[in-house]
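The values are calculated or read from the model by the stated rules, or taken from the named source; none is laboratory data. Values in this document were obtained by computation on a predicted structure and should not be read as measured data. Please note: Cβ atoms are built from the backbone with ideal geometry, for glycine as well, and neighbour counts cover all protein chains shown. All accessible areas refer to the heavy atoms of the entire protein, side chains included, with ligands and DNA or RNA removed. Shrake-Rupley method; radii C 1.70, N 1.55, O 1.52, S 1.80 Å.
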Amino acid sequence: MAVHNTYNDTINRELTRSLQSAIPNARAEACRLPDVPEIALYLLNCDYSSAELTPEQTRRIMDYPAYWSFCWASGQVLARYLLDHPGWVNGRHVLDFGCGSGVVAIAAALAGAAQVTACDLDPDALNATAHNAALNKVQLTLCSDFAHVTAPIDLIVVADVLYDAANLGWLSRFLQKAPEVLIADSRVKDFSAPNYAWIDRRRSRTWPDLDEFDEFREVNLYRGRATSVPATAT
Ligand SMILES: C[S@@+](CC[C@H](N)C(=O)[O-])C[C@H]1O[C@@H](n2cnc3c(N)ncnc32)[C@H](O)[C@@H]1O
C-alpha cells in the first residue's frame with residue numbers, strides 16, 4: 001500500500017535520483033510492508049518493469065545492486081519476529097548488520113530497544129535508512145563500518161547478508177562483539193557454524209516481489225550465543 005504526503009514526495013524525489021543512477025526509469029516510493037504493516041519504507045516502485053532494460057543497463061544493476069530499494073524476505077521475517085517477540089530487544093543496544101533499507105533496525109526500535117545502530121557499507125543504504133527511520137518516527141545511529149563500533153552491543157541482528165559466502169566469516173566476529181546474534185537467512189541451506197543454532201522457520205517474500213524461486217521464500221532463523229550467556233526472554 002503506497003503512503004503519500006508532501007514530505008514523502010520530496011524524499012521520493014531524492015531517493016528516485018539515487019535509484020535511477022543504478023536502475024533506469026525506477027522510482028522510489030513509500031509503501032507499507034505486506035507482512036509488517038506497522039512499517040513503511042521507501043522502496044522501488046512495485047510496478048517497475050525490467051523488460052526494457054538493455055544488456056548494459058542490466059550489467060550495471062548487477063554490478064551495483066541497490067539492495068536498499070527492496071525489503072528482502074529475511075528482513076520482513078526478522079522485523080515481524082522482533083515485533084512479535086520484543087523480549088529479544090527490550091532495553092538493549094541492538095546493531096543491525098547489513099541494514100539495507102533499515103527494516104530490521106526500525107523494527108527493533110519500535111519493539112522497545114534502548115538504542116539501535118544500523119550498519120551498512122553502502123552509503124545509499126544508510127541514506128535510505130535515515131529517511132526510513134524518519135518515516136517511521138524512530139531514532140537510529142548510522143554506521144558505515146562495523147569495525148568502528150565501540151559502544152557495547154547486546155544483540156546483533158542480521159537479515160539476508162549471507163548471500164555472499166565471504167560474509168560467513170562475519171559469524172565468529174559478531175560473537176566477539178556481542179553476546180547474542182539473531183540471523184535470518186533465505187539463501188544458505190546447509191547453515192552450520194560454531195555457537196549458532198536453528199530456532200525457527202518462516203515464509204515471506206522480497207518486497208517489491210522479485211518473483212524469486214520458492215526456496216528463497218523460506219527463511220530460517222538462527223541464534224548465536226557467546227559462551228556463558230544467560231537465556232533471552234522471548
Ligand atoms: C540483501 S541486503 C539485505 C538488507 C536488509 N537486511 C533486508 O533484509 O532487507 C544485504 C545488505 O548487506 C549489506 N552488506 C553486505 N556486506 C556488508 C558488510 N561487510 N558490512 C556492512 N554491510 C554489508 C549490503 O550493502 C546490503 O545492503
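Distance in nm between label sites at E38 and T141, each 7 Å beyond Cα in the beta-carbon direction?
Inter-label distance under the simple model: 2.3 nm.
Using label points projected 7 Å from each Cα along Cα→Cβ, tell me how many nm separate T10 and V188, to one decimal.
My value for the distance between the label points is 4.2 nm.
Ranked from highest to lowest mean number of other Cβ atoms within 10 Å per residue, what is the order of the peptides 114-124, 170-180?
Most protected by this proxy first, the peptides run 114-124, 170-180.
Compute the FRET efficiency between E215 and D84 as 1/(1 + (r/R0)^6), taking r as their Cβ-Cβ distance and R0 = 35 Å, and round to the nearest 0.05.
For E215 and D84, the calculated efficiency is 0.90.
With contacts defined as alpha carbon pairs under 8 Å and 6 or more residues apart, what's the relative contact order of the chain in percent?
Relative contact order comes out at 18 percent.
In µm²/s, what is D for the chain at 20 °C and 1.002 mPa s, where D = kT/(6 pi eta Rh) by Stokes-Einstein and Rh is the Kirkwood radius from Cα pairs?
The diffusion coefficient I find is 120 µm²/s.
Where only protein heavy atoms count, and the probe is 1.4 Å, what is the accessible area per residue for the chain in Å²?
Per residue, the chain has an accessible area of 47 Å².
In nm, what is the difference between 0.36 nm times the number of residues separating R173 and R59 and their Cα-Cα distance?
Additional length available on full extension: 37.8 nm.
Carbon and sulfur: what percent of segment 73-225's accessible surface (1.4 Å probe)?
Accessible surface attributable to carbon and sulfur in segment 73-225 totals 50 percent.
Take the alpha-carbon centre of segment 106-123, take the same for segment 189-204, and report the distance between them in whole Å.
Using only Cα atoms to place each centre, the spacing works out to 22 Å.
For the chain, which cysteines have no second Cys with its Cβ under 4.7 Å from theirs?
C31, C46, C71, C99
How many percent of DSSP beta bridges within the chain run antiparallel, rounded to 5?
55
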